[in-house]
Structure formats: C-alpha cells, structure tokens
Amino acid sequence: MTLEQQMQAAKERTLKTLETTSEFNLREAQVDLQVYYADEMNSATTSNNVRTKSGKLRALRNDTNQLYILYGNLVRSLQPKQRGNIAEISGSLTNPFIKLGIDLSVIPYARIHEFGGTAGKSKIPARPYFFPALQKYAKEGFEERLQAIVNACITTWNAA
C-alpha cells in the first residue's frame, strides 16, 4: 500500500469515527442538557397544582416566570429517544446539520410556553425553558463535549 493510500485510509477511518463520535456526543449532550432544562422549570408540588374530582392534575395560577411541570410530557420530550424528541445529525463533515428540539405535532404546547401567546381565551406569558437552557449549556458544557469529539479524532488519526 502506498503512502497516499495509507493516508486516505487513515482519513476515512477518522471521518467515520468523527461521525460516530458526533452522534454519540449529541445524545450525551441531550442527557447533559436535562440539568439545564430542570433549572428553567418548577417541579410539580402541592403548592402549584391540585387534583380535580375526576382525579386529573390541574395547575394553579402561575405567577412565576418559570414553567410548572404537571404531567412531565414536555420534560420527557426533551430527553433522547423519548416521544416528541427531535435529535438528528445529517449533512456531511464539512457541512453538518444538527436538528435538536421538540416535535410540535406531539407536544403542541411546547412553543406557547417558550414564546407566550393565546390558547382559547387565555393569554399565556412566555416562560422560556428551551433556549435559556441551551444558552447556559453552550457557555458551561459544550466546550467539553466539543473537545471530546476532537480528542476522538486525534486518537483515531494517531492510531492509523
């Protein structure tokens, strides 16, 4: 095998490792983000919800700027591979596309909680949970995740 062929083979192995590592790190980043999402929400307590006669939970008036967690469907949709979760990597190494979010056809109220709006006769104020969590994670945790990807590529290249 010529030196050029060896270099090409090493490059291909490195690119394949990068794709696999990027996918793994996206999933791991979603797990890391759970802490940041939780910081933006209030857990269900007896002080912020009541049980109706039919047994369903109903949120009490929310005068805070944080979203109440009632049933947890929105929180679960923020977790990897859960109903309503979107996490996709596509494109190429030189032009990657990462899609991260919540499927609004599954959790239709996700947008109104983030940005505010009206639902029926009720005006719902914005109680952002998604973008503030992403911004905090970008400042505090993303550098480590990115470094893990780079280190995996360097290790693979050096092993070639």
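The numbers here are math on the coordinates, done by the rules we state, and not lab data. Just so you know, these numbers come straight off a predicted model, no measurement behind them. Neighbour counts run over all protein chains shown; Cβ positions are idealised from the backbone, glycine included.
Once backbone amide H atoms are built at 1.01 Å from N, N49 has L60 as its partners under 5 Å, excluding neighbours fewer than 5 places away on the same chain. Listed by chain and number, the aspartates and glutamates whose alpha-carbon sits under 18 Å from that of K136, ignoring those within fewer than 8 places in the same chain, are E28, D32, D39, E40, E114, E144. Qualifying chymotrypsin sites (Phe, Trp or Tyr not before Pro) in region 22-90, where qualification requires a DSSP coil assignment and no more than 16 other C-beta atoms within 10 Å, comprise Y71. Here are some pairs, K99/K121; K53/K81; K56/K123; which of them have Cα atoms lying more than 25 Å apart in this structure? Table pairs above 25 Å Cα-Cα are K99/K121; K53/K81.
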